[in-house]
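Read through the structure below, which is laid out as structure tokens, and then see the notes.
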Amino acid sequence: MKKTANRSRNLLHNHPMLRKGGVHDKSNKAKRRKEKQNLRKVWFSLSTHRVLREDHAAA
């Protein structure tokens, strides 16, 4: 009878923890930070626009 060589198996091949991979999204922290930055940009643009209008109207 012919002996077959013992091949090592990849034990991680069907591991349940490796099935949770998928699309890599931004974390919630990164999303909140981006939202705050955008809000500050809008506020800053509105406040500078308003200040410029008031200075122009006063002159």
Worksheet item: Mind checking which residues of the range 10-27 are under 25 Å from the mean Cα position of the chain (by Cα) and assigned to a loop (DSSP other than H, G, I, E, B)?
Response: GLY21, GLY22, VAL23, HIS24, ASP25, LYS26, SER27
Worksheet item: Taking the range 20-44 only, how many residues are among the acidic types (Asp, Glu) and loosely packed, with under 10 Cβ neighbours inside 10 Å?
Response: 1
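Readers should treat all values here as calculations from the given coordinates under stated rules, not as data from a laboratory. Computed from a predicted model, the values in this text were never measured in an experiment. Glycine also receives a Cβ, built like all others from the backbone with ideal geometry; neighbour counts cover every protein chain displayed.
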